[in-house]
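J.: This is the structure I have questions about; it appears just below.
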Amino acid sequence: MSRTPRSRLPPKLPEHGREREVPAASPRPPSLREQLKQQHVAGRSLRFGRDEIVGVMRQLVHGTPATRVGLPPFAELTIAHVERAMHDVYGWEGDGPRARIAPTRTIEGFTVACARMREVASSGGRLAFATTRPASLLPVYQRLVEHVDAAGATVLAARETAPVGPSARRVRWIQRVAVLSDGATLFGEDDLDAADEWLFTLARPDLVVADRTFAGVAGAGGIETIAFADLDSLALAVAAWQGRAIRIVPLDDRRPPDAYAGLLELLESLGSGPEDAPEAGEAARASGATLPTGT
């Protein structure tokens, strides 16, 4: 009896229920750059066109008060100066119909800001926090307050200020973050008088963390400031570019609070050690930022 060669035998069918399973590859989580773009915290702006921001740049050159967010007029400022500041701080290129913030600039700015906050906090310094964008940035600042508090900072706060202006609004503190309120509503507005009253009520801080007019008034007063700045707050970027003691975190300041989750995750990784945040270090090094040792 002849044997059929093995090469001509039919393929062996797998036993029932014992098919070989190939595990599916786990999807790669988005990088922080991708998260910032997906959440529109950075990348292409949902709110501002290129021409609209160019208009703000020109108004700032002409000294329009509304564009200065509490800062004094800039002497001998040209559009070329503003464009250079916008490029260095926001990664501005001026191409395409939409205004844009480079995500690497956001990561860099936040990383350097966190390093400076920890440095001031670890020496027992006084920090003050305030926002004109409570519907977006209040939860972010509250997390930062917890972070610096754990690092040894004195976080300056009160209950509320005296009435401000004819509307009798007051600055109130919510978990040690100052906001403008009439007692029933939190306001997302620029108010120079409120910013002045906020600083008048407190002891002089060593470092302010704020946005828009709160940041501008602090910077104008010679207080070192970390400013969360959207594209229409470009006066803060120009002041930083000119050498004022202002560090910028460029981002869209009107996104839903959970859109900033990636930055808060970065905050935690920076707190546990620079080796846990390689993307932040890479982005900052690429743009020439000064980072804490080892980042």
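Just so you know, all these numbers are worked out from the coordinates, no wet-lab data involved. Remember, it's a predicted structure, so these values are computed and weren't measured experimentally. Cβ placement follows ideal geometry from the backbone for every residue including glycine, while neighbour counts extend to all protein chains displayed.
J.: How many angstrom lie between the Cα centre of segment 118-139 and the Cα centre of segment 41-115?
T.: Using only Cα atoms, the two centres lie 22 Å from each other.
J.: Taking K and R as +1 and D and E as -1, what net charge do the other residues with C-beta under 11 Å from the C-beta of SER167 add up to?
T.: Residues close to SER167 contribute a combined charge of -2.
J.: Can you give the relative contact order of segment 173-273 as a percent, counting alpha carbon pairs under 8 Å and 6+ residues apart?
T.: Computed value for segment 173-273: 17 percent relative contact order.
J.: Moving on. At R0 = 30 Å, how high is the FRET efficiency between SER122 and GLN38 if r is their beta carbon distance? Nearest 0.05 is fine.
T.: Plugging the Cβ-Cβ distance into 1/(1 + (r/R0)^6) gives 0.30.
J.: Calculate, in nm to one decimal, what ASP193 and ARG159 gain on full extension: separation in residues at 0.36 nm each, minus their alpha carbon distance.
T.: Separation in residues times 0.36 nm, less the Cα-Cα distance, equals 10.5 nm.
J.: Add +1 for every Lys or Arg and -1 for every Asp or Glu among the other residues with Cβ under 13 Å from the Cβ of TRP241, and state the total.
T.: Net charge in that neighbourhood comes out at +2.
J.: Within a Cβ distance under 15 Å of HIS81, other residues only, what is the Lys/Arg minus Asp/Glu net charge?
T.: Overall, the nearby charge balance is +1.
J.: As a test of the definition: which semi-axes, in Å, follow for segment 186-273 when you take the square root of five times each eigenvalue of its alpha carbon gyration tensor? Largest first, please.
T.: Working from the Cα gyration tensor, I get semi-axes of 22, 16, 15 Å.
J.: Give the calculated FRET efficiency between GLU76 and GLU52 to the nearest 0.05, with a Förster radius of 30 Å applied to their Cβ-Cβ distance.
T.: E between GLU76 and GLU52, to the nearest 0.05, is 0.75.
J.: When Rg is the radius of gyration of the Cα atoms in segment 76-168 and Rh is its Kirkwood radius, what does Rg/Rh come to?
T.: 1.09
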